[in-house]
Amino acid sequence: MEKFLKKLALITHWLCFAIGIAVVVALLVFNADLDAIFIVISLVFSFTSLLVGSAIRWMFSGRFFLLPWQRN
């Protein structure tokens, strides 16, 4: 069961990382059409998504990894 939870935490970390990267890519593509406050809020959301994924993985692995491809 513990191995399953670690795999699930890793998948969640990858998902949150992908969401964060997708937001940054969307900002790069639509940068000219967006207001500054929306860009700042989106960057904060992107960084928060990355941290949430890292924190979820940290809860189950016991070590903090910012990037999902880092190993235990």
**Study point:** For ILE21, solvent-accessible area (1.4 Å; no DNA, RNA or ligand), Å²
**Key:** 80
Review point. Over the chain, what relative contact order in percent results from Cα pairs under 8 Å that are six or more residues apart?
Key: 42
Review point. For the pair LEU51 and VAL25, what calculated FRET efficiency results from E = 1/(1 + (r/R0)^6), where r is the Cβ-Cβ distance and R0 = 25 Å, to the nearest 0.05?
Key: 0.85
Review point. Where the accessible area of the chain is counted over protein heavy atoms with a 1.4 Å probe, how much of it, in %, is carbon and sulfur?
Key: 75
**Study point:** Whole-Hz ³J(HN,Hα) from phi, Karplus 6.51 cos²θ - 1.76 cosθ + 1.60, for the stretch 5-18, glycine and proline x
**Key:** 5, 5, 5, 5, 5, 5, 5, 5, 4, 4, 5, 5, 5, 5
Revision key, fill the gap. Taking N as the number of residues in the stretch 24-69, the ratio of its alpha carbon radius of gyration to 2.2 N^0.38 Å works out to 1.47
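The values are calculated or read from the model by the stated rules, or taken from the named source; none is laboratory data. These numbers were taken from a predicted model, which means no experiment stands behind them. Using ideal geometry, Cβ is built from the backbone for each residue, glycine included, and neighbour counts are taken over all protein chains shown. These accessible areas exclude ligands, DNA and RNA; they are computed on the full protein's heavy atoms, side chains included. Shrake-Rupley method; radii C 1.70, N 1.55, O 1.52, S 1.80 Å.
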